[in-house]
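J.: I have a structure I would like to understand better, so I am pasting it below and will then ask my questions one at a time.
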Amino acid sequence: MKSTNVVKNQTQPGLNKRLNSKFSSTWKEYRKNKYLFFLLIPILIWYGIFHYGPLYGIQLAFKDFSPVKGIWGSPWVGLEYFKFLFFQSPDFLRIFRNTVLISFYNIIFGFPAPIILALLLNEIRYGMFKKIAQSITYIPHFFSWVVLSGIVIFMLSPSEGPVNYLLQLINVEPIYFLADPDYFRPTLVVTSIWKEIGWGTIIYLAALSGVDQTLYEAAKIDGANRLKQTLHITIPAILPVVTIMFILSLGNILNAGFDQIFNLYNPSVYEVGDIIDTYVYRAGIQNFQFGLTTAVGLFKNIIGITLVLSTNYIVKKLGQEGVL
């Protein structure tokens with residue numbers, strides 16, 4: 001025991017000296033680049049005002065809000081809004097199911113789409129054609145759903161739309177894509193992919209640009225064709241990025257796309273198209289039920305962070321890199 005204490009006493013000054021030296025060098029580096037840190041001030045202010053400041057309003061989920069009394073002065077109601085949502089609301093189960101189903105379809109079909117497109121673009125050897133293809137696929141992302149919804153409504157019109165015109169040429173009856181509950185969800189998924197597939201490829205193309213080209217050269221020498229190179233070099237190289245993007249997409253599973261659905265849906269498809277965000281819009285903006293809508297938002301955030309943490313834990317257990 002005595003020898004152990006002696007070793008500790010001898011190593012403690014050395015450890016403190018190394019820590020002080022490390023702290024000193026780090027502080028000198030900060031002082032050297034102090035003007036660069038001033039560039040962070042606008043970002044910190046922006047996050048403070050628009051991301052952390054509104055957290056003050058979370059208490060609305062537990063209060064009977066009165067505009068006269070304000071948020072702080074309104075009386076507490078505890079978990080009444082949550083009890084209403086889960087046990088008394090006739091619509092919440094339906095809108096929750098719609099939200100999860102639409103998001104699930106978007107993940108199943110929409111998440112792999114930019115990955116596949118990025119792999120295809122990566123195989124193009126003609127630079128000009130590749131740039132044109134990328135530009136065409138990027139363009140829809142920069143238009144709002146207010147604009148794109150008008151294009152979609154025209155294209156899918158049962159009387160004048162080009163899509164139904166082509167269907168009639170092959171003796172198929174016109175389909176009411178935006179008014180038929182059987183076709184509304186597939187239409188949402190397809191149009192969502194159309195809008196975001198090009199923009200989503202940017203991250204994966206950036207990851208592909210960092211792949212060591214000598215790996216491909218070695219694979220060619222070993223006789224590997226393009227498909228084998230993709231399966232054994234390209235895909236494993238971008239797998240960490242794919243994993244991170246998948247974790248983040250699961251965190252948004254309760255965000256099924258308010259802008260898109262609000263501009264495309266109508267009363268005839270409420271049964272399959274009404275989601276949490278459109279419910280919040282009607283209850284909060286139109287009916288002024290601010291406490292109820294805050295409770296819904298808090299519920300969404302809890303589910304989102306739970307899914308992110310759970311998926312991140314599972315992914316790291318499987319040996320992949322997570323987001324935390």
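Since every read-out is calculated from the coordinates, none of them should be taken as a lab result. Keep in mind the model is a prediction, meaning the values are calculated, not measured. Ideal geometry is used to build each Cβ from the backbone, glycine not excepted, and the neighbour counts take in all protein chains shown.
J.: For the cross-link pairs 63/300; 195/300; 195/317; 32/316; 131/228, which exceed 29 Å when the distance is taken from alpha carbon to alpha carbon? Walk me through the numbers before you get to the answer.
T.: Working: 63/300 18 Å; 195/300 24 Å; 195/317 34 Å; 32/316 37 Å; 131/228 25 Å.
Exceeds cut-off: 195/317; 32/316.
J.: Would you be so kind as to identify all helices of the chain, as entire DSSP H runs, whose Cα atoms reach 27 Å or more along the helix's own axis and whose mean Kyte-Doolittle hydropathy is at least 1.6? Don't skip to the answer; put the middle values down first.
T.: Values: long enough: 2-32 (45 Å, -1.54); 181-209 (42 Å, 0.58); 290-317 (40 Å, 1.01).
Counting only whole DSSP H runs, no helix qualifies.
J.: OK, next. Set the Förster radius R0 to 41 Å, insert the Cβ-Cβ distance between residue 79 and residue 163 as r into 1/(1 + (r/R0)^6), and round the FRET efficiency to 0.05. Kindly include the intermediate steps, with their values, before the conclusion.
T.: Numbers: r = 48 Å, r/R0 = 1.17.
After rounding to 0.05, the efficiency reads 0.30.
J.: Provide the gained length on full extension for the span residue 239 to residue 211, in nm with one decimal, where the gain is 0.36 nm per separating residue minus the Cα-Cα distance.
T.: 8.9 nm
J.: Another question, then. With each run of n ≥ 4 DSSP H residues scored as -39500 (n - 2.57), what mean residue ellipticity at 222 nm is computed for the chain after dividing by its residue count and rounding to the nearest 500 deg cm²/dmol?
T.: Value at 222 nm, helices only, nearest 500: -20000 deg cm²/dmol.
J.: I've got another one for you. With a ≥ b ≥ c taken as the square roots of the eigenvalues of the C-alpha gyration tensor of the range 226-324, please select rounded if a/c is under 1.5 and otherwise prolate if a/b is larger than b/c or oblate if it is not? Show your work: numbers first, answer last.
T.: Numbers: a/c = 4.47, a/b = 1.95, b/c = 2.30.
Verdict is oblate for the range 226-324.
J.: To continue, here is another question. Mind checking which of 203, 136, 221 has the largest fluctuation in a GNM of the chain, springs on alpha carbons under 10 Å?
T.: 221
J.: Kindly state, to the nearest 0.05, the FRET efficiency for residue 88 paired with residue 222, given R0 = 51 Å and r defined as their beta-carbon distance. Mind dumping the intermediate values first?
T.: Working: r = 66 Å, r/R0 = 1.29.
Between residue 88 and residue 222 the formula returns 0.20.
J.: Take the alpha carbon gyration tensor of the chain, find the square roots of its eigenvalues, order them as a ≥ b ≥ c, and report rounded if a/c is under 1.5; if not, report prolate when a/b exceeds b/c, else oblate.
T.: Judged from the Cα gyration tensor, the chain comes out oblate (a/c at least 1.5, b/c at or above a/b).
J.: Quick one: which of 43-53, 229-239, 183-193 comes out on top by average Cβ neighbours within 10 Å, and what's the full order, highest first?
T.: Working: 43-53: 10.0, 229-239: 15.4, 183-193: 18.8.
Final packing ranking: 183-193, 229-239, 43-53.
J.: Quick one: Cα centre-to-centre distance for the range 143-213 and the range 268-324, in angstrom?
T.: With the range 143-213 and the range 268-324 each reduced to a Cα centre, they are spaced 24 Å.
J.: Calculate, for residue 142 and residue 41, the FRET efficiency according to 1/(1 + (r/R0)^6) with r their C-beta to C-beta distance and R0 30 Å; round to the nearest 0.05.
T.: On the way: r = 29 Å, r/R0 = 0.98.
It comes to 0.55.
J.: With a sphere of radius 15 Å drawn around the Cβ of residue 172, what net charge do the other residues whose Cβ falls strictly inside it have (Lys, Arg +1; Asp, Glu -1)?
T.: Result for the local shell: -3.
J.: So for 259, 277, fewest C-beta neighbours within 10 Å to most, what's the order? Can you show the working numbers first?
T.: Details: 259 13, 277 21.
So the residues, fewest neighbours to most, are 259, 277.
J.: Rg(Cα) of the range 126-272 divided by 2.2 N^0.38 Å? Don't skip to the end; give the middle numbers.
T.: Numbers: Rg = 20.2 Å, N = 147, 2.2 N^0.38 = 14.7 Å.
That ratio works out to 1.38.
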